[in-house]
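The values are calculated or read from the model by the stated rules, or taken from the named source; none is laboratory data. Predicted, not measured: the structure shown is a model, and the values here were computed from it. Ideal geometry is used to build each Cβ from the backbone, glycine not excepted, and the neighbour counts take in all protein chains shown.
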Ligand code: TYD
């Protein structure tokens, strides 16, 4: 059995964490070993990087765009090397709450760097590892923001324009790679969002099984 790599993406507060847990439970009930992880902060090094990215260093939240892009890429490089690739090599399912599309949407879509620069950086950092499936939970950031249960961090306080541009950047990425992405309307109920994911994962697992039989 080969590993399966799945990512969840979307602006802050769209309910990714809830759906990640639903998918974990579903896959475990179907006999798969599942690793649930996230970016930034999926490893010990990543947790230190996450702290810098979201809360700044020594009271200063001023991180230059290129430094920010490199920190997210460093987090991802460690995450792939330490957690994701080894699990996939063991034949497990890896579900990550955010992956490289977050860098493409937030660092290139919202701030001054180009999509190509960020993509090249991330592909280098991960040695070209892309998910087999990416669920984009899409909703208006003005609505999703109201759902956040905690105080805003540095990224979340970047403003409504930034959040709207980021949402659009995610939608553009999904349109460019329709085989990898599934866009799900996250303004629906938790049950409706899950039903859409469940229907898709069934198809995905079915096509995996038929590949193995072939
Ligand atoms: P997340 O862990 O989803 O936030 P929270 O735990 O507060 O729900 O992500 C933290 C922030 O980092 C989020 O605003 C998105 C941002 N981010 C990027 O800008 N680029 C990236 O590559 C990643 C992975 C996240």
Point to revise | Every pair of residues 6+ apart whose Cβ atoms lie under 8 Å, when the first sits in the range 53-66 and is on the phi > 0 side of the Ramachandran plot and outside any loop (DSSP other than H, G, I, E, B) while the second is surrounded by fewer than 13 Cβ atoms within 10 Å (Cβ to Cβ) and at pLDDT 90 or above | key: none
Exercise for review: Among the numbered conditions (1) away from the ligand (no atom under 16 Å from the Cβ); (2) under 30 Å from residue 189 (Cα atoms); (3) modelled with pLDDT under 95, tell me where residue 54 comes up short.
Suggested key: (1)
Review point. What residue, of 126, 114, is out of contact with any strand residue (DSSP E or B) (no Cβ under 8 Å at 6 or more places or on another chain), within 16 Å of the ligand (Cβ to nearest atom) and farther than 22 Å from residue 52 by Cα?
Key: 114
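Could you tell me which of the residues 77, 125, 81 is part of a helix (DSSP H, G or I) and without any contact (Cβ under 8 Å) to a residue 24 or more places away in the chain?
On the way: 77 fails: without any contact (Cβ under 8 Å) to a residue 24 or more places away in the chain; 125 fails: without any contact (Cβ under 8 Å) to a residue 24 or more places away in the chain.
Criteria check complete, one pass: 81.
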Point to revise | Residues within the range 24-51 that are within 16 Å of the ligand (Cβ to nearest atom) and either crowded, with 19+ Cβ neighbours inside 10 Å or not in a helix (DSSP H, G or I) (or both), tallied | key: 11
Point to revise | Scan of the range 136-190 for residues that are crowded, with 16+ Cβ neighbours inside 10 Å, over 17 Å from the mean Cα position of the chain (by Cα) and part of a loop (DSSP other than H, G, I, E, B), ordered by number | key: 153
Check your understanding: at pLDDT 95 or above, farther than 16 Å from residue 169 by Cβ and within 11 Å of the ligand (Cβ to nearest atom), is that true of residue 90?
Key -> no
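For residue 107, are the conditions met, namely being over 21 Å from residue 17 (Cβ atoms), at pLDDT 95 or above, within 14 Å of the ligand (Cβ to nearest atom) and touching a helix residue (DSSP H, G or I) at 6+ places or on another chain (Cβ under 6 Å)?
In short, no.
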Review point. Hey, does the range 12-29 have a residue that's free of Cβ contacts under 8 Å to residues at least 24 places away in the same chain and in contact with a helix residue (DSSP H, G or I) (Cβ under 9 Å, 6 or more places away or on another chain)?
Key: no
Review point. Filtering the range 1-23 down to residues that are assigned to a loop (DSSP other than H, G, I, E, B) and closer than 19 Å to residue 93 by Cα, which residue is farthest from the ligand (Cβ to nearest atom)?
Key: 1
Review point. Are any of the residues in the range 117-128 at pLDDT 95 or above and more than 18 Å from the chain's Cα centre (by Cα)?
Key: yes
